[in-house]
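Notes follow once the structure below has been shown.
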């Protein structure tokens with residue numbers, strides 16, 4: 001069994017990571033060509049640029065989700081659809097940093113970059129660095145994904161949302177898209193208590209799920225403003241962090257817009273394979289984008 005393409009040396013990445021104002025090391029969760037974990041502060045790291053202007057373009061004000069707004073979304077491409085294993089298969093496989101080389105021998109990753117991704121995923125799942133009041137965990141199977149999310153939400157009455165209609169795209173597709181017009185934005189739940197699950201880079205489907213509340217989640221429909229753009233229309237998921245008071249003052253988004261942590265809600269899009277879970281019975285509406 002092999003993991004990755006033969007010619008791949010080190011996958012392109014864009015990462016979103018979050019750290020407290022006093023942390024020197026940033027934590028990231030890889031989700032295809034992107035990584036993110038919600039936390040006290042956010043930094044976007046592009047593998048080809050470290051300029052704050054590029055860092056800040058991932059994030060946007062909540063008002064940008066209003067119908068009629070023009071937005072240039074950053075949505076990391078999904079290049080493959082990893083298998084979500086049944087529990088009896090997942091539980092039979094080693095999943096520990098102590099067993100790294102057994103895992104490498106089993107899946108035969110084709111680059112050092114992929115080995116680093118595997119190690120990083122294992123470390124993240126074994127030692128999640130959560131914020132005060134935040135809960136998190138990893139899921140390696142279909143059954144454990146359901147159990148983890150219902151545990152984090154505190155109820156078994158849940159609904160799941162994903163951007164299933166986003167395409168699977170070729171390697172090298174840019175995360176930064178062209179200009180799109182927002183035609184609709186539907187809030188997924190009236191509640192600001194949600195769970196977001198991010199797909200991690202691993203030979204099979206592994207999800208890092210966490211709370212980061214209060215958070216508002218939206219299904220956003222957009223139409224391209226550029227002739228020949230692909231896709232011409234798309235629906236993507238966006239999450240807006242309503243309390244940014246603990247984010248770093250040095251966050252590039254705050255510097256770019258001359259605002260302070262806690263002054264505004266900050267939003268970003270999710271990947272195709274990310275999943276948002278909300279409590280059922282608390283539906284949102286199509287006009288719930290507020291200041």
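Bear in mind that the values in this text are calculations on the coordinates, not laboratory data. In this text, all values refer to a predicted model and were calculated from it rather than measured experimentally. Neighbour counts are summed over all protein chains in view; Cβ atoms, including those assigned to glycine, are modelled from backbone coordinates with ideal geometry.
Given all pairs of different Cα atoms, what value in angstroms does the Kirkwood hydrodynamic radius of the stretch 163-290 take? Don't jump to the answer; show the numbers that get you there.
On the way: mean 1/r = 0.0616 Å⁻¹.
16.2 Å is the Kirkwood radius here.
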Quick check on the stretch 133-210: what does the Kirkwood estimate of hydrodynamic radius come out to from the alpha carbon pairs, in Å? 15.1 Å
Let me have the relative contact order for the stretch 104-245, percent, based on Cα pairs under 8 Å that are six or more residues apart. 25 percent
C-alpha center-to-center spacing [the stretch 211-269, the stretch 116-175] in angstrom: 19 Å
Would you mind ranking 240, 125 so that the residue whose beta carbon has the fewest other beta carbons within 10 Å leads the list? 125, 240
A correct fewest-to-most ranking of 75, 103 by other Cβ atoms within 10 Å would be 103, 75
